[in-house]
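These notes concern the structure reproduced below.
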Amino acid sequence: RCLSCHDAHLITSQRLSETGWGRELDKMARWGATVTPAERPAMIAYLTRHFGVAATPDAMAANGGEAIFNRACLSCHGAD
């Protein structure tokens with residue numbers, strides 16, 4: 001839902017709390033994003049877990065996430 005309008009870096013760099021991601025989804029819905037009520041909790045949980053306040057780029061890289069992203073995603077897709 002997010003990447004249809006936004007570059008991935010805009011999302012991954014925000015580091016919002018669960019409340020912050022909820023407000024962000026509310027704002028995007030007001031601006032026309034199509035997020036169903038059923039999708040909302042899963043999206044907030046995902047965004048908070050992977051791009052929340054506690055998640056840092058260094059921690060994700062240390063866990064191998066960056067290498068997986070580079071190998072699995074960038075082989076077909078651009079970073080944007």
inquiry  = When the residues of the stretch 14-30 are narrowed to those that are touching a helix residue (DSSP H, G or I) at 6+ places or on another chain (Cβ under 8 Å) and polar (S, T, N, Q), which ends up surrounded by the most Cβ atoms within 10 Å (Cβ to Cβ)?
reply    = GLN14
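Taking helices (runs of 4 or more DSSP H) that do not extend beyond the stretch 2-80, which have at least 1 residues that are modelled with pLDDT of 90 or more?
Working: elements: 8-12, 18-30, 40-51, 57-62, 65-68.
Ranges flagged: 18-30, 40-51.
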query = Is there a residue in the stretch 15-35 that is touching a residue at least 24 places away in the same chain (Cβ under 8 Å), within 17 Å of ALA54 (Cβ to Cβ) and of a type in the set (Ser, Thr, Tyr)?
reply = yes
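The values are calculated or read from the model by the stated rules, or taken from the named source; none is laboratory data. Since the structure is predicted, the reported quantities are computational estimates derived from the model, not experimental observations. Quick reminder, even Gly has a Cβ in these numbers, built from the backbone with ideal geometry, and neighbours come from all protein chains shown.
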